[in-house]
1. Specify the angular offset, from 0 to 90 degrees and rounded to the nearest 10, of the alpha carbon long axis of helix 39-59 from the longest principal axis of the alpha carbons in the chain.
2. How big is the chain by Rg and Dmax over its Cα atoms, in Å?
3. Using 0.36 nm per residue, how much length does the chain from Thr64 to Met32 gain when fully extended, once their Cα-Cα distance is taken away?
4. Highest mean first, how do 10-19, 119-128 rank when packing is the count of other Cβ atoms within 10 Å averaged over residues?
5. Roughly how many nanometres apart are two label points built 7 Å out from the Cα toward the Cβ at Val83 and Met9?
6. At a 1.4 Å probe radius, carbon and sulfur cover how many percent of the accessible area of the range 24-133?
7. Check each of the trypsin sites (Lys or Arg not before Pro) in the range 10-55 and keep only those in coil by DSSP with at most 11 other C-beta atoms within 10 angstrom; list them in order.
8. Starting from the Cα of Val57, step 7 Å along the direction of its Cβ; do the same at Leu121; then give the gap between the two resulting points in nm.
Amino acid sequence: MVSLSPLMMAPMPIAPHAFMAFAAVAVGAEQMFTRKGTKRHRWLGYAWCGMLFFVAVSGFFIHTIKLWSLFSPIHFLSVLTIVALTRAIWCARTGRIHQHQRIMASLFWLALVVTGLFTFLPGRIMFAVVSGA
């Protein structure tokens, strides 16, 4: 039985981080599979970049896995996400559309989807949300 209780009782900023990540997956999927170059694509892209930036920055304040003092590989991923996001925006603005598309697709699949799937492993908060454990 699905229960949001474990997520809502988690320390800050885990709940807003998770909700924004889910929203970014939805908007990112829309961006990936619809027509490119339109005003709608551009405005959803701005929103998606803001969402992903929020997810990356809020990740710096989550310390549930501590491999190196307060830090884990997720914190390194947050740095890479911000760098890649900045690069992708720069590529779009300078006409390097193929690079922009490649970076954005990589961010969607690696920073959101694959990383998000790890949050559903036993012992993690999202596992408790979906399993009711």
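The values are calculated or read from the model by the stated rules, or taken from the named source; none is laboratory data. Everything quoted here is computed from the prediction, not taken from an experiment. In this analysis, Cβ positions are derived from the backbone assuming ideal geometry, glycine residues included, and neighbour counts consider all displayed protein chains. Accessible surface areas use protein heavy atoms only, side chains included; no ligands, DNA or RNA. Shrake-Rupley method; radii C 1.70, N 1.55, O 1.52, S 1.80 Å.
1. 40 degrees
2. For the chain, the Cα-based Rg and Dmax read 15.7, 49 Å.
3. Working: separation 32, 0.36 × 32 = 11.52 nm, distance 3.11 nm.
Between Thr64 and Met32, full extension yields an extra 8.4 nm.
4. Details: 10-19: 16.2, 119-128: 14.2.
The most tightly packed comes first, giving 10-19, 119-128.
5. Distance between the two pseudo-spin positions: 3.9 nm.
6. Values: 4910 of 6810 Å².
Here it works out to 72 percent.
7. Details: sites: Arg35, Lys36, Lys39, Arg40, Arg42; in loops: Arg35, Lys36.
In loop regions of the range 10-55 (DSSP not H, G, I, E or B), the sparsely surrounded trypsin sites (Lys or Arg not before Pro) are Arg35.
8. Reported label-point gap for Val57 and Leu121 is 2.8 nm.
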